[in-house]
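To keep things clear, I will list the structure first and then write my remarks on it.
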Amino acid sequence: MVKQLEEIRTAEQDIFQKIAGHEQVVFCNDPATGLQAIIAIHDTTLGPALGGTRMYPYASVNEALEDALRLSEGMTYKCAAAGIDFGGGKAVIIGDPKKDKTPALFRAFGQYVDSLNGRFYTGTDMGTTMDDFVQALKETNFINGVPEAHGGSGDTSIPTAQGVIYALKATNQYLFGDDCLGDKKYAIQGLGKVGYKVAEQLLLEGAFLYVTDIQEDSVKRIQEKAKELGGTVQPVKSEEIYHTDADVFVPCAMGAVINDETIERLKVKAVVGSANNQLHKGRHNRTLNEKGILFAPDYIVNAGGLIQIADELYGANKERVLLKTKEIYHTLLEIYERAKMDSITTGEAAKRKCEQTIDEQRHRNNFFARAQRPKWKFENKFR
Ligand code: NAD
């Protein structure tokens, strides 16, 4: 009996150690719908937690918890970097998105989100779609990123691409003393929702583009656009994109593309793109530095979409989103300067800047002000 109690205590300590950096973790269990989900709220210093809900067939509850903890912490930094009044949160639903989804499951999840009374706002992420959140919206107002017909702000790739363009301008300003886009060469990996828009804007500015995409149609589409605009696009094979003679590599497809093997091949002066988690390992930021390649931290560059989602809660306004997205230019320049001054990587400089933002707000906040914030600050417009 004593041994059993000891084991329980140890397990309890383990779990509290694991979530020590987080404010709150909610386990959602609804046998009627089969819902098993974890909502992790990392830090609400800047405002209520914001973060998508991922659905994945996790091998264990532990694996799901770790994902929720890691992703919600990342959201705290993303929100601070984007300069929005939100903190970091994330939810994970344990299940196979192809087999286990039902409207009832998402309505049940919506009820759990609602029970947090505005401490957590959520929407789509890997494995979940807008349709899923249309169901959740029936049970709670604390949802964002839904279709425009339901009061959402629509396609986030528009501000995301705009943010990449501002990031490229800042990079050119820092490296070449002039933020002109047109007189440079860019190597764009991925011509999807974001990459295509970035490519189109760069063509309009008169830039030369190397492009690649695993879908031929996407390449053809930008070639046609180039013809229409009188610009130059040179398609290259997937692997060739890493060793073109471009000035900037613009990854807009998948993560982990900056790794030991690709860094060897890169000849560019900077890496600036929308893809999430571009560095295979954190240390690759330093390896890039050593090769004289400037790295623009991805979560600073691709903040446009997050800015739009956050803006929904004030009543979507495209001009306000664009104004805020423009700030990426100055934020990135500041990070580049700080990294140089303190002899640290741009990733470390970005992290320091975010921590400073959170610390400054912490001094202005007290626990009660924070708890009240969702109620007075956001008048939800969905209903
Ligand atoms: P998308 O799915 O519309 O486009 C991705 C494109 O990359 C597709 O055309 C795909 O065919 C291509 N691709 C995949 N593997 C490739 C490879 N090996 N080589 C070349 N091309 C490849 O996605 P998106 O919305 O344009 O997002 C692009 C990236 O930006 C993703 O990493 C995403 O997580 C990130 N991001 C997007 C947004 C947004 O608002 N859409 C916001 C923040 C971050």
Inset, instruction - Using a 1.4 Å probe over the heavy atoms of the protein chains, calculate the carbon and sulfur portion of the accessible area of the chain as a whole percent. - result: 51
Legend entry - Average accessible surface area per residue within the range 28-149, 1.4 Å rolling probe, Å²: 36
Legend entry - Longest to shortest principal axis, alpha-carbon extents of the chain, angstrom: 71, 46, 41
Legend entry - Cβ crowding within 10 Å averaged over residues, with 119-128, 103-112 ranked highest first: 119-128, 103-112
Legend entry - Net charge of Cβ neighbours under 12 Å - reference I93; Lys, Arg +1; Asp, Glu -1: -3
Legend entry - Cβ-based charge dipole, the range 107-154, positive-most Cα from G118, N144, G154: G118
Legend entry - Kirkwood-type radius of the range 129-204, with distances r between different C-alpha atoms, in Å: 14.6
Inset, instruction - Quick one: angle between helix 103-115 and the longest Cα principal axis of the chain, in degrees between 0 and 90, rounded to 10, please. - result: 80
Inset, instruction - Would you mind calculating the relative contact order of the chain from Cα pairs under 8 angstrom and at least 6 residues apart, reporting the percent as a whole number? - result: 15
Legend entry - Rel. contact order, % - alpha carbon contacts under 8 angstrom, at least six apart, the range 90-224: 15
Inset, instruction - Straight distance only, please: which aspartates and glutamates reach the Cα of K340 with their own Cα at less than 12 Å, same-chain residues fewer than 8 apart left out? - result: E348
Legend entry - Most mobile of Y58, Y210, Y186 in a GNM of the chain (Cα contacts under 10 Å): Y58
Legend entry - Distance between the range 170-201 and the range 213-229 - C-alpha centres, whole angstrom: 17
Inset, instruction - Quick one: check the C-alpha center-to-center distance for the range 66-127 versus the range 16-44, whole angstrom. - result: 10
Legend entry - the chain: antiparallel DSSP beta bridges as a percent of all, rounded to 5: 30
Legend entry - Paramagnetic label zone (point 7 Å from Cα along Cα-to-C-beta, D245; backbone N under 18 Å) in the range 164-191: 183-188
Inset, instruction - Would you mind estimating how fast the range 178-279 diffuses translationally, via Stokes-Einstein at 37 °C and 0.692 mPa s with the Kirkwood radius over Cα pairs, in µm²/s? - result: 246
Legend entry - Given charges at beta-carbon only (K, R positive; D, E negative), |dipole| of the chain in Debye: 540
Inset, instruction - Enumerate the lysines that K98 could reach by cross-link, defined here as Cα to Cα under 24 Å, with residues fewer than 8 away along the same chain left out. - result: K90, K138, K193
Inset, instruction - Calculate how steeply helix 346-364 sits against the longest principal axis of the alpha-carbon atoms of the chain, using the helix alpha-carbon long axis, and give the answer as 0 to 90 degrees to the nearest 10. - result: 40
Legend entry - Space enclosed by the convex hull of the alpha-carbon atoms of the range 4-143, per residue, Å³: 111
Inset, instruction - Show me 228-236, 332-340 ranked by packing, highest mean number of other Cβ atoms within 10 Å first. - result: 332-340, 228-236
Legend entry - Under 19 Å from K101, Cα to Cα: aspartates and glutamates that are on another chain or at least 8 residues apart: D30, D125, D131, D132, E139
Legend entry - For the range 80-196, the fraction of alpha-carbon pairs in successive 5 Å shells from zero, as %: 2, 9, 15, 17, 15, 12, 10, 8, 6, 4, 1, 0
Inset, instruction - Give me the distance in nm between label points sitting 7 Å out from Cα along the Cα-to-Cβ direction at D14 and C180, one decimal. - result: 6.2
Inset, instruction - Mind pulling the angle between the C-alpha long axis of helix 2-18 and the longest principal axis of the chain? Nearest 10 degrees, somewhere in 0 to 90. - result: 30
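The values are calculated or read from the model by the stated rules, or taken from the named source; none is laboratory data. Values in this document were obtained by computation on a predicted structure and should not be read as measured data. A quick note on method: Cβ atoms are made from the backbone with ideal geometry, for glycine too, and the neighbour counts reach across all protein chains shown. Accessible surface is based on the protein model in full, side chains and every heavy atom, while ligands, DNA and RNA are left aside. Shrake-Rupley method; radii C 1.70, N 1.55, O 1.52, S 1.80 Å.
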